[in-house]
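S.K.: Following this message is one structure expressed as structure tokens.
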Amino acid sequence: MACCDEPKLLPVVTAIDRMLEAVNPPADFEQLALNQLLDRILAEDIHAQLNVPGHDNSAMDGYALRAQDADKPLHLAGQSLAGHAFQGSLEPGQCVRITTGAVIPTGADAVVMQENTRIDGQHINVTQTPRPGENIRRAGEDIAQGDRVLSKGHRLSPVDVALLASLGVAEAEVYRRLKVAVLSTGDELTAPGQPLTAGQIYDSNRYGIVALLQRLNVEVIDLGLIPDREDAIRATLQNASQRADAVISSGGVSVGEADFVKDILDELGEINFWKVAIKPGKPFAFGSLGRACFFGLPGNPVSAMVTLHQLALPVLRAMAGEVTEQPITLNATAASRYKKRPGRQDFQRATLRVQEGENIVSSTGPQGSGVLTSFAGANCYVVLEQERGTVEEGETVQVVPFDRFIL
């Protein structure tokens, strides 16, 4: 019996594990300048080539001095400004005017805030004695030379780019971007902006898929809307397999007479599995198509977005070379009833809020696989376990907040 004919549905975790085992990160790298690194995946560890801060410096505007001298009037010997260090060494009984970030003069072991001093001509009287080391930021206190600051497989954020700049890093080696081909199938679909004829609906899935992929920062190959003809779908998939690392189709993987994608995939490539114990989105297919991997999403819009986000996205991130962590899961009290039958892990769209210190989660309304507005206003999934039944108001449920890819 072929895997796609097995009556038992594949659990979500098992499906993801099997997909991850079947893919590898790209073998190609490229060296990019700092201003091109946002949302790229590091292909190397980054180690600090210098200390941050690079020298002992002042955390306050005030006066640098020897703490043991603070009980007597101090002679003002000069100043140390950010970018303009005091030249020479501090002698006993002396102090130096210093600004935030300026180098601590040799011989000084503390900085007294200017609010805790009184000026008397060329002498400074300290009104609150500092401790040795007070208000001094030590060299290497943030990052020590040789420290690993970013790891291979890390997706670079705006803060990461700033961090690299602070270390003097002008470029870094990253994995090349994935090429992902996207297509929709279905004679009932028409492009937005065109008039609808009887029985037609607009193709929303492809636009949602492409938008999510843009946040993933991959190279998208939009193959458009393909009619329900075997020859057209076959030619499109053959073309995609030669151009892309991954192919994502929407529709055509169910059991209807015109659902050709799964059969053509079986002909041109290999089906790893078909049908997952997930709701919405049971008719999800995964396999290979030439050198590309293939994700077959269901046609219903909510099913397509949930399976893309929960099943395909973790695999695409791994293929891009990204090392990821498990998503944050919270416990929350259900503020509404969640209808469910045992048998599939359910990802219901909901709104999470904190009320009097307690996590409260409310349904966004009807949760049908065609009700795309169930995502409107949602900020999380209520994830109901595979064998769990209906949840009543007041019960505890697991909640996974939406991430940056879908929110």
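Read-outs throughout are calculated quantities, based only on the coordinates presented, and are distinct from any laboratory measurement. On a predicted model such as this, the values are computed, not experimentally measured, just so you know. Here the Cβ positions follow ideal geometry from the backbone for every residue, glycine too, while neighbour counts run over all protein chains shown.
S.K.: Skipping prolines and chain starts, which residues have an amide H placed within reach, meaning under 5 Å, of the one on residue 149, given they are 5 or more residues away or on another chain?
M.R.: Under 5 Å from the amide H of residue 149: 46, 47, 48.
S.K.: Could you give the length gained on full extension between residue 337 and residue 239, defined as 0.36 nm per residue of separation minus the Cα-Cα distance, in nm?
M.R.: Extra length available between residue 337 and residue 239 comes to 30.6 nm.
S.K.: Name the lysines eligible as straight-distance cross-link partners of residue 279: C-alpha to C-alpha under 25 Å, and not fewer than 8 places from it in the same chain.
M.R.: The qualifying lysines are 8, 262, 339, 340.
S.K.: What translational diffusion coefficient, to the nearest whole µm²/s, does the range 72-113 have by Stokes-Einstein, given a Kirkwood radius computed over alpha-carbon pairs, a temperature of 37 °C and 0.692 mPa s viscosity?
M.R.: 318
S.K.: By how many degrees, 0 to 90 and rounded to 10, does the Cα axis of helix 205-216 deviate from the longest principal axis of the chain?
M.R.: 30
S.K.: While we're on this one: Mean residue ellipticity at 222 nm from the helices of the chain, using -39,500 (n - 2.57) per DSSP H segment of n ≥ 4 over the full residue count, to the nearest 500 deg cm²/dmol? Don't jump to the answer; show the numbers that get you there.
M.R.: Numbers: 7 runs with 68 residues, N = 407.
The helix-only estimate for the chain comes to -5000 deg cm²/dmol at 222 nm.
S.K.: Let me ask something additional. Between residue 217 and residue 120, how high is the FRET efficiency from 1/(1 + (r/R0)^6) when r is the Cβ-Cβ distance and R₀ = 60 Å? Nearest 0.05. Let's see the in-between values first.
M.R.: Numbers: r = 61 Å, r/R0 = 1.01.
For residue 217 and residue 120, the calculated efficiency is 0.50.
S.K.: Does the range 340-407 classify as rounded, prolate or oblate by the C-alpha gyration tensor (a ≥ b ≥ c root eigenvalues; a/c under 1.5 gives rounded; else a/b over b/c gives prolate, otherwise oblate)?
M.R.: Cα axes put the range 340-407 in the oblate bin.
S.K.: Counting pairs of alpha carbon atoms under 8 Å apart in space and at least six apart in sequence, what relative contact order in percent does the range 330-401 give?
M.R.: 47
S.K.: Just for the chain, what percent of DSSP beta bridges are antiparallel, to the closest 5?
M.R.: 65
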